[in-house]
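Rule-based calculations on the coordinates, nothing more; no lab input. Since the model is a prediction, treat every value here as computed from it, not as a measurement. Here the Cβ positions follow ideal geometry from the backbone for every residue, glycine too, while neighbour counts run over all protein chains shown.
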Amino acid sequence: MWDEEDYTARWIQGICAIFLAAFAIGGAYMLFNSTFLMLKFGGGAVFVGSVRLCWRCLHYAATGKGNINRDDFV
């Protein structure tokens, strides 16, 4: 489970990456269009976190390596 041949898990991670990309766009919007400082910091945190998780999910969906749900993060 959660290896290179688990195509169901790879599809799930790909779909999660799409949602995370939408969160990243929303975070970028808050970062650049907000007038309140705390919303800017929050938007930046959402943007950076979503981009990082989106990248990891897309990497696993494309290659089958480096799944975020495994214990060995090699």
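Quick look at the values:
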| read-out | value |
| --- | --- |
| In the stretch 1-19, residue farthest from the chain's Cα centre (by Cα) [restricted to those that are surrounded by fewer than 17 Cβ atoms within 10 Å (Cβ to Cβ), in a helix (DSSP H, G or I) and in contact (Cβ under 8 Å) with a residue 24 or more places away in the chain] | 11 |
| Neighbours by Cβ (under 7 Å, 6+ apart or cross-chain): first from the stretch 20-44, in contact (Cβ under 8 Å) with a residue 12 or more places away in the chain; second polar (S, T, N, Q) and part of a helix (DSSP H, G or I) | 20/50; 23/50; 24/50; 27/50 |
